[in-house]
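Chemist: Before we start, here is the structure in question, set down as structure tokens.
The values are calculated or read from the model by the stated rules, or taken from the named source; none is laboratory data. Note that the structure is a prediction, hence the values are computed from the model and not measured. Cβ atoms come from the backbone with ideal geometry, glycine included; neighbour counts cover every protein chain shown.
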Amino acid sequence: MEKIKKIFQAFKNFKISQTVSSDLQCPDCKINLLEDSGYLSLGICSACGHKDTLSAKQWINLIFDQNSFDEKFLNIDSPDPLHFNDSKSYKQRIKQAKDSTGERSAVTTGYGHIKGIKVVAAIFDFKFLGGSMGYAVGEKITAAIDKAIVKKLPVLVITCSGGARMQEGTLALAQMIKTTNAINNLHDAHLPLIGILANPTTGGVFASFANQADILIAEKEALIGFAGPRVRAVNDTEQDRVLSEEILARGLIDNIIPRNELRHYLERVLGLIIANEIKVSAPQASINSMHTHKVSSGWESVTTSRASDRPSAKDYIDQIFSDFIELKGDRNGLEDDVLIGGFAKLALKNVMIIAQDRNGGQTEITKGRVSASGYRKAVRLIKIANTLKLPIICFVDTPGANDSIENERIGLAKSISDTIAELSNAQVETISIILGEGGSGGAIALCCTDRVFMQENSFLAITSPEGAAAILYRDKKHAEDVANALGVTALEHENIGFVDEIIPEPENHSVKTLKEASRFIYDALTETIISLQNQNQKSRLVAREKKWNDLGKNTKFSGKIQRLLLGITRKIKI
């Protein structure tokens, strides 16, 4: 008897939508949903996976700590600027929606806690006139964001909407401007916006404030886009729908998370997205003071850094950081898996990681080579880090940019240039570590930071030794000679002032010695972040620019390079 009471209580709390609750059967597989715990808790049929659209109250029960949600901005009502009337008046439709949902508008706003972390939230209810955005919705969202700025709280928006509300005409469209301006203000206050795109999210909601989120998460198989199928059918007979899986593959959102995992995922995001101070003591001595660096030839550094068993950036991220949430996409329709990045935690300090994955890429030719979309993604991540005041850590390991004709046509050079400009101008602390190959401009794009490190056996070159040999000698066989002449080693870069410090490596370094190598990098990062965050910001930025302006002014260095180049050119056979 007690078990039956519990089932009915859960059923009552969940308030199943009318389309299914009338006969308590799944519309797809016809099982009895009253006995389905998966449906009662998540709105998902356990037998066939059919998903019901959740109401605002259901989302609140699913996401927030029990009884923690405090609704605000209740007394904002929808105007009727057009005195709109189809088969019913607009006022009648509003009253009907209020009566059937128990809500005052299509969005519920207020404060809530997720595992004790307080947020300002706006949750759409599709059952209220299709979750459409009119004046009241725009006003409530803007008021909620204004309150978040005053209280210095992150904002969570759960969208489920058909777009702007027709019955309010241009006044509804204007809410796209108002809400987007509110997000600009939120970001100016260095506060984050987290977006969950529920099924469906379309029209003016998706095309305004929702797409300004710092991290965008979607439901599985959610309909997402600017135009819904009925709107698109006016001009296009295509019946295809754009679902969340496709827009994830195209770099337009960051992740797809099942409903039952959303709460835990949001807890992780909130733990990583807010700027904080590092909580670890700096190492007692500099990494360089405890290690004598082996003197390697240029060619030895090249061959060692290219070894197939050398750890990748992904390996180090997994080993060094206590949590990492990857962000996907350039937000222009492309995703590059060579350039990885996202929110991470280093010694309880929240940071932004941007890394080149030596093992990423679709083919052997593109392996480790970042595309134009990859650099555009880097620019996006730098901007997010700047907005949220998160230090940036770059891991460099690439034979060079992906210079295919296709990438040239979509703006490879521009995307590299934009990365250099954005990273050079970042107001937050920035660190780069060259882990292996540092191939030309593709690598240098992530090196314009406050501090630059090189692992002991990594290298940095103006072009690949093979490429330089082909240019200078018309023969790749001279790659070893060129590598030895062009000053590619870590020690040579430290001597000229490009590199601030060399990070030692274990003997015969490979994935087998990853743990030991990671400790060296961890110490370098924590020591440097502590040092940088203790500096005056203006002084730090001046020092960053001065470093790059002064590089090469050392006449001893300039003379040495000139002599090296002269020695090479004398050997060229025309």
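Chemist: Being buried (at least 24 other Cβ atoms within 10 Å of the Cβ) and in the same structural domain as residue 307 (by TED's automatic domain parsing) is the requirement here; does residue 366 meet it?
Modeler: no
Chemist: Applying the selection to region 351-364, what residues are over 14 Å from the mean Cα position of the chain (by Cα) and of a type outside the set (Lys, Arg)?
Modeler: Matches in region 351-364: 356, 357, 359, 360, 361, 362, 363, 364.
Chemist: Sticking with this one: Would it be correct to say that residue 517 is assigned to a helix (DSSP H, G or I) and at pLDDT 95 or above?
Modeler: Against the criterion (assigned to a helix (DSSP H, G or I) and at pLDDT 95 or above), residue 517 qualifies.
Chemist: Consider residue 351 carefully, then state whether it is buried (at least 21 other Cβ atoms within 10 Å of the Cβ), under 21 Å from residue 459 (Cα atoms) and at pLDDT 95 or above.
Modeler: No.
Chemist: Let me ask something else. Could you tell me whether residue 380 is more than 23 Å from residue 315 (Cβ to Cβ), free of Cβ contacts under 8 Å to residues at least 12 places away in the same chain, surrounded by fewer than 22 Cβ atoms within 10 Å (Cβ to Cβ) and of a type in the set (Lys, Arg)?
Modeler: Judged against the criteria, residue 380 is not a match.
Chemist: With the structure loaded, tell me whether residue 106 is over 30 Å from residue 271 (Cα atoms) and either among the polar types (S, T, N, Q) or modelled with pLDDT of 95 or more (or both) or whether it fails that test.
Modeler: Considered against the rule, which asks whether it is over 30 Å from residue 271 (Cα atoms) and either among the polar types (S, T, N, Q) or modelled with pLDDT of 95 or more (or both), residue 106 comes out as no.
Chemist: Test each condition in (1) touching a helix residue (DSSP H, G or I) at 6+ places or on another chain (Cβ under 7 Å); (2) modelled with pLDDT of 95 or more for residue 484 and report the one that comes out false.
Modeler: Result: residue 484 fails condition (2) only.
Chemist: Something else about it: Taking the options 141, 158, name whichever one is in a helix (DSSP H, G or I), closer than 23 Å to residue 219 by Cα, in the same structural domain as residue 88 (by TED's automatic domain parsing) and modelled with pLDDT of 95 or more.
Modeler: Answer to the check: 141.
Chemist: When the residues of region 141-182 are narrowed to those that are crowded, with 24+ Cβ neighbours inside 10 Å and of a type in the set (Val, Ile, Thr), which ends up nearest to residue 62 (Cα to Cα)?
Modeler: Applying the filter and picking the extreme gives 158.
Chemist: When you check residue 386 against the structure, is it closer than 29 Å to residue 543 by Cβ, surrounded by fewer than 22 Cβ atoms within 10 Å (Cβ to Cβ), modelled with pLDDT of 95 or more and not charged (D, E, K, R), yes or no?
Modeler: yes
Chemist: For region 500-512, name all the residues that are modelled with pLDDT of 95 or more and among the β-branched types (Val, Ile, Thr).
Modeler: 502, 503
Chemist: Another question, if that's okay. Regarding residue 498, is this residue within 32 Å of the chain's Cα centre (by Cα), touching a residue at least 40 places away in the same chain (Cβ under 8 Å) and surrounded by fewer than 22 Cβ atoms within 10 Å (Cβ to Cβ)?
Modeler: So residue 498 fits the description; yes.
Chemist: How many residues does region 467-507 hold that are assigned to a loop (DSSP other than H, G, I, E, B) and among the basic types (Lys, Arg)?
Modeler: Summing the residues that are assigned to a loop (DSSP other than H, G, I, E, B) and among the basic types (Lys, Arg) in region 467-507 gives 1.
Chemist: Turning to a different aspect of this structure: Residues to consider are 479, 468; find the one that is over 14 Å from residue 300 (Cβ atoms) and either in the same structural domain as residue 302 (by TED's automatic domain parsing) or within 36 Å of the chain's Cα centre (by Cα) (or both).
Modeler: It is 468.
Chemist: Still on this structure: Out of all the residues in region 193-222, which are within 14 Å of residue 132 (Cα to Cα) and of a type in the set (Gly, Ala, Ser)?
Modeler: Residues satisfying the conditions are 198, 203, 204, 207, 208, 210.
Chemist: Of the residues that sit in region 249-264 and are farther than 19 Å from residue 38 by Cα and out of contact with any strand residue (DSSP E or B) (no Cβ under 6 Å at 6 or more places or on another chain), which one is surrounded by the most Cβ atoms within 10 Å (Cβ to Cβ)?
Modeler: 252
Chemist: Restricted to region 183-227, and to residues that are assigned to a loop (DSSP other than H, G, I, E, B) and surrounded by 21 or more Cβ atoms within 10 Å (Cβ to Cβ), which residue is nearest to the chain's Cα centre (by Cα)?
Modeler: So the residue we want is 214.
Chemist: A follow-up question, please. Name the helices (runs of 4 or more DSSP H) wholly inside region 396-447 in which the number of residues that are touching a residue at least 40 places away in the same chain (Cβ under 8 Å) and surrounded by 17 or more Cβ atoms within 10 Å (Cβ to Cβ) is 2 or more.
Modeler: 412-424, 440-444
Chemist: Moving on to the next point. For the condition in the same structural domain as residue 502 (by TED's automatic domain parsing), among the aliphatic types (A, V, I, L, M) and within 15 Å of the chain's Cα centre (by Cα), what is the one hit in 388, 348?
Modeler: Only one candidate passes the filter, namely 388.
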